[in-house]
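Everything on this sheet refers to the single structure shown next.
The values are calculated or read from the model by the stated rules, or taken from the named source; none is laboratory data. The structure presented is a predicted model; accordingly, all values stated were derived computationally and were not measured. Every residue, glycine among them, receives a Cβ derived from its backbone with ideal geometry; neighbour counts consider all protein chains shown.
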Amino acid sequence: MFSIPKQIKLSSEVHSFKYITYYDSAGNIIYRINHQVSGKPLPSLIFQLIDEEGNTIDSSYVTIAQSLNYDLTLSVKKAQNLSSSPFAITSFQQEFEFIGYYNVSNLVVTGIPGKSVFLSLTIDLQSQKQNYQVFLEINLRPCIRGEIYIVYEDLTQNPPEKLYSCNQCEYGTYSLVYPSLNNTSIDCKQCSVHANCPGGHIIDVKKGYWRINDQTDEIIECINAPQNCLGGQTNLICSQAHIGPLCESCDIKNNYSNTGNFECGSCGNKIINSLKIVGLMLFYIISAKLSVDGVISRLFYILDKRDNYGVVNVLDQYTKPHQ
């Protein structure tokens, strides 16, 4: 007595990615995989054979199947009875052997980003005049910033159909453009000598240089205060307390003020600062008063001396004729 396969099932125990299981109107089981990149390998899929009692069939069934001339090969093809947008299975391997399970790996589907395609995975047991089938719905996500469209022509179709893969910009290149099927002529740009580009849309600005935000590739040298420009990949590329073009302004909102040429320092506690201001005002008032008092005293001294000098002159003039 041995188990007989009843269905194929995607293993839920070994997959780290998320998928959705549903049934169509004909009762077919369909596994939906979202956010797949067109032209890139699907995640490895482990399928199991399930018997009529719901148990998993293991590798011991291989010997039995061989003795009965059962062909357990799993074939991946386009699903003919489900509506799909144009696509092609562009991976070399499209058939997989049973080793206690099916490891469907390195499967590549190239289609139209933003559309869905359907695959059928079938075991055709001709000796039993029975086949086991399961379907995959692959939602191809649109290409994202940092990727470019590569155009292919599916010559197996008449007329040939255009298919697109999403290729990420390689190391040393970048793209800040949001790609669109309406404009597939965008290319990756070479990285600036003032930055490092690990690939995709990332531009890692070097120290001593500045850009306004991560949506632009215009990089400017911080000539006046290179120490203020930390560089980096994000919008926060100024040293603490510095903001604005070339990081030459002080972050007033966060309580920093100018302390020198392109230098900023903390304003400190508001109460202490207020007391300092009051103290400075009192100092200037007292200094001014002392200064004024000194000037007045000096004036009185000069005037007093001048008055005395005038009296002496009068007496001299009065006494001279009588001598």
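Of everything listed in (1) touching a residue at least 40 places away in the same chain (Cβ under 8 Å); (2) exposed (fewer than 15 other Cβ atoms within 10 Å of the Cβ), the single unmet condition for E95 is (1). Only residues that are of a type outside the set (D, E) and in a strand (DSSP E or B) were counted across segment 142-176, and they come to 14. Checking S120, S180, S165, S185 one by one, the residue that is in contact with a Lys or Arg (Cβ under 8 Å, 6 or more places away or on another chain) and not assigned by TED's automatic domain parsing to the domain that holds E97 is S165 and no other. Within segment 245-265, the residues that satisfy the criterion of being out of contact with any Gly (no Cβ under 9 Å at 6 or more places or on another chain) and under 23 Å from N213 (Cα atoms) are P245, L246, C247, E248, S249, I252, K253, N254, F262, E263, C264. Among the residues of segment 3-18, is any free of Cβ contacts under 8 Å to residues at least 12 places away in the same chain, outside the structural domain of V151 (by TED's automatic domain parsing), over 22 Å from S165 (Cα atoms) and not small (G, A, S)? Yes, because at least one residue in segment 3-18 is free of Cβ contacts under 8 Å to residues at least 12 places away in the same chain, outside the structural domain of V151 (by TED's automatic domain parsing), over 22 Å from S165 (Cα atoms) and not small (G, A, S). Taking every residue in segment 23-50 that is in the same structural domain as N103 (by TED's automatic domain parsing) and pairing it with any residue that is among the small types (G, A, S) and part of a strand (DSSP E or B), at least 6 positions away or on another chain, the pairs with Cβ-Cβ distances below 6 Å are S38/G111; S38/S165; G39/S165.
Among the residues of segment 36-56, is any at pLDDT below 90, surrounded by fewer than 18 Cβ atoms within 10 Å (Cβ to Cβ) and over 25 Å from Y23 (Cβ atoms)? No, segment 36-56 has no match at all. Taking (1) over 19 Å from the mean Cα position of the chain (by Cα); (2) at pLDDT 95 or above in turn, H201 satisfies each apart from (1). Selection within segment 242-263: residues that are within 25 Å of the chain's Cα centre (by Cα) and in contact (Cβ under 8 Å) with a residue 12 or more places away in the chain. The member of this set that is nearest to H194 (Cα to Cα) is L246. Of all the listed residues (S83, S16, S25, S75), the sole one being modelled with pLDDT under 85, more than 30 Å from L181 (Cα to Cα), surrounded by fewer than 16 Cβ atoms within 10 Å (Cβ to Cβ) and not β-branched (V, I, T) is S16.
Only strands (runs of 3 or more DSSP E) whose full extent lies in segment 38-125 are considered here, and the ones with at least 1 residues that are of a type in the set (F, W, Y) are 45-51, 102-104, 116-125.
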